[in-house]
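Here the structure is laid out as structure tokens; the discussion comes afterwards.
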Amino acid sequence: MTWRNWPANWSRRRHPDPARRSTSAPSGRADGGQGGTTRRRATHPGPPRRNLLACPGRFCCTTRWPRRRGDAVELTLTPTTAEELARLLGPLQQGYAEDLVAHRGMTPEAALERTVTQIRELLPAGAATEGVLLRTARAGDTEVGWIWVTLPAAAAPNQAWIHNIEVHEEHRGRGYARRMIQLIEAELAHLGVPELGLNVFGTNTVAIGLYRSLGFEVTAQQMAKRITPAG
């Protein structure tokens with residue numbers, strides 16, 4: 001399951017002056033095909049075990065969700081390596097371009113070009129880009145998905161943003177997406193981030209249901225209507 005959550009105002013989050021860069025990323029949609037942005041307060045869902053001693057970087061390297069009764073394995077989030085990101089970005093670019101074609105009426109060529117450009121601007125240093133959390137999810141020793149979150153910036157000083165969350169196809173239907181969001185919330189809570197936001201297409205009813213069950217609420221909406229060509 002891939003849920004691409006590109007913010008409509010992503011350029012302004014990085015460039016507060018709208019005149020410096022036009023908004024080109026698609027807004028998400030929620031509720032019956034209407035566009036929507038959702039958010040929730042970042043809460044601490046339980047004390048994760050964190051491997052701080054092994055972490056040379058700015059953020060914790062390992063966050064684990066405590067195993068609950070009935071869980072087969074423990075889910076772990078670790079920093080995504082450059083090699084992992086290079087492998088994961090290909091499917092992300094293709095899938096997001098397909099979303100643009102389906103929901104924005106773009107040509108496949110234009111959609112792919114926009115996707116590649118936006119990812120390059122959002123991750124200029126790849127996995128080493130500052131101000132982002134790129135985390136690979138593993139159940140035991142098996143990679144099951146990944147999540148990409150941008151930390152608060154000057155244009156949105158209190159809100160982190162989920163750009164992408166994906167569970168690999170062969171591991172879907174096991175609750176991993178929910179667990180990944182809960183783990184990221186725990187990490188954000190430790191960093192003092194008070195709010196987490198995302199966008200979602202209105203046709204993605206599974207994702208909308210998940211987000212609502214996790215406490216996200218709609219904060220903005222966009223609506224669109226097809227116009228029948230004249231005679």
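The values are calculated or read from the model by the stated rules, or taken from the named source; none is laboratory data. Small disclaimer: the values here were computed from a predicted structure and weren't measured. Here the Cβ positions follow ideal geometry from the backbone for every residue, glycine too, while neighbour counts run over all protein chains shown.
Structural remarks
- Pairs where the first residue, in the range 210-231, is in contact (Cβ under 8 Å) with a residue 24 or more places away in the chain and the second is β-branched (Val, Ile, Thr) and part of a loop (DSSP other than H, G, I, E, B), C-beta under 8 Å, 6+ apart: Tyr211/Val200; Gly215/Thr43
- Matching residues in the range 170-188 - criterion: being in contact (Cβ under 8 Å) with a residue 60 or more places away in the chain, assigned to a helix (DSSP H, G or I) and charged (D, E, K, R): Arg179, Glu185, Glu187
- Condition met for Ala224 (in a loop (DSSP other than H, G, I, E, B) and either under 24 Å from Leu92 (Cα atoms) or among the aliphatic types (A, V, I, L, M) (or both)): yes
- Flag: Val149 does not match the condition of being modelled with pLDDT of 95 or more, part of a loop (DSSP other than H, G, I, E, B) and among the aliphatic types (A, V, I, L, M).
- Of the criteria (1) surrounded by 16 or more Cβ atoms within 10 Å (Cβ to Cβ); (2) out of contact with any strand residue (DSSP E or B) (no Cβ under 9 Å at 6 or more places or on another chain); (3) closer than 27 Å to Gln93 by Cβ, which one Leu188 fails: (2)
- Residue pairs whose Cβ atoms lie under 6 Å apart, sitting 6 or more positions apart in sequence or on different chains, and linking a residue in the range 95-107 that is at pLDDT 90 or above to a partner that is of a type in the set (Ser, Thr, Tyr), are Gly95/Thr2; Tyr96/Thr115; Ala97/Thr115.
- Matching residues in the range 140-174 - criterion: being farther than 11 Å from Val193 by Cβ and either under 9 Å from the mean Cα position of the chain (by Cα) or surrounded by 21 or more Cβ atoms within 10 Å (Cβ to Cβ) (or both): Val144, Gly145, Trp146, Ile147, Trp148, Ile162, His163, Asn164, Ile165, Glu166, Val167
- In the range 198-221, of all residues being assigned to a strand (DSSP E or B), surrounded by fewer than 21 Cβ atoms within 10 Å (Cβ to Cβ) and not β-branched (Val, Ile, Thr), the one that is modelled with the lowest pLDDT corresponds to Gln221.
- Taking the criterion of being surrounded by 15 or more Cβ atoms within 10 Å (Cβ to Cβ), among the polar types (S, T, N, Q) and not in a helix (DSSP H, G or I), the residues of the range 79-136 that qualify are Thr80, Thr136.
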